[in-house]
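Chemist: Here it is, the structure in full.
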Amino acid sequence: MTLLRAIFASLMFSLSAFADNFNGTIDLFESSPNVKPFFESAYGYAVFPTVRKGALGIGGAYGKGKVYVDDQVIGTITLRKLSFGLQVGGQAFSEIVFLKDRRAFEEFTGGTYEFEASASAVAITAGAQAQMGTMGDTAGASTGPSTGEHAETSYNRGTAVFVHTLGGLMFEAAVGRQKFKFTPLSEESDI
């Protein structure tokens with residue numbers, strides 16, 4: 001229990017430098033040869049420089065992001081996840097959600113949107129993953145910190161999700177969904 005607290009506390013404080021680095025996060029994803037085409041073809045995208053996740057039986061994740069259309073910020077977005085199952089640890093990662101067309105964009109920004117991201121996310125950092133979920137099975141593997149050399153992906157229901165692990169250690173066999181809440185720029189005062 002003390003180890004879990006130490007891991008989670010370390011993630012919360014040591015990664016704070018990444019928290020608002022939107023341009024750096026976009027550059028990181030754009031440097032991946034397999035992710036770059038999504039920047040060129042997507043209607044829009046949401047960027048989360050740091051999503052923090054922790055669990056001990058019950059898990060949660062949270063991140064703040066911005067939504068872009070034509071490389072212009074049009075609003076902010078929050079990501080929340082609650083999960084249940086066999087899980088322990090803490091982790092931080094960057095995430096980008098590409099929206100294929102106007103329909104996908106309007107669904108995503110139309111209020112509260114949710115999906116099982118672990119079923120559709122592709123890691124662009126060293127390691128491998130295989131997840132099963134309601135949206136189908138996926139697998140990804142990579143060869144280096146940001147090479148993006150992994151199994152190719154495509155849009156699933158108008159979205160494509162990529163993650164870049166920042167740090168932490170997490171074991172999970174859990175069920176949960178990411179929920180997104182969009183706020184248009186016109187309602188924000190501090191973007």
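The values are calculated or read from the model by the stated rules, or taken from the named source; none is laboratory data. Remember, predicted model here, so these are calculated numbers, not experimental data. In this analysis, Cβ positions are derived from the backbone assuming ideal geometry, glycine residues included, and neighbour counts consider all displayed protein chains.
Chemist: Identify all residues within the stretch 30-48 that are part of a helix (DSSP H, G or I) and over 16 Å from TYR155 (Cα atoms); write none if there are none. Let's see the steps before the verdict.
Modeler: At the first step, the residues of the stretch 30-48 found to be part of a helix (DSSP H, G or I) are 30, 36-41.
Across the stretch 30-48, the qualifying residue is only GLU30.
Chemist: Filtering the stretch 111-140 down to residues that are at pLDDT 50 or above and not in a strand (DSSP E or B), which residue is surrounded by the most Cβ atoms within 10 Å (Cβ to Cβ)?
Modeler: ILE124
Chemist: Kindly check whether there is at least one residue in the stretch 56-67 that is in a strand (DSSP E or B), surrounded by 13 or more Cβ atoms within 10 Å (Cβ to Cβ), of a type in the set (Val, Ile, Thr) and modelled with pLDDT of 90 or more. So that I can check it myself, show each step before the final result.
Modeler: Step one: of the stretch 56-67, the residues in a strand (DSSP E or B) are 56-67.
Filter once more, keeping what is surrounded by 13 or more Cβ atoms within 10 Å (Cβ to Cβ): 56, 58-67.
Now restrict to residues that are of a type in the set (Val, Ile, Thr): 58, 67.
From the residues that got through so far, the ones that are modelled with pLDDT of 90 or more too are 58, 67.
Scanning the stretch 56-67 turns up at least one residue that is in a strand (DSSP E or B), surrounded by 13 or more Cβ atoms within 10 Å (Cβ to Cβ), of a type in the set (Val, Ile, Thr) and modelled with pLDDT of 90 or more.
Chemist: Between PHE108, PHE93, PHE39, which is of a type in the set (Phe, Trp, Tyr) and modelled with pLDDT of 95 or more?
Modeler: Answer to the selection: PHE39.
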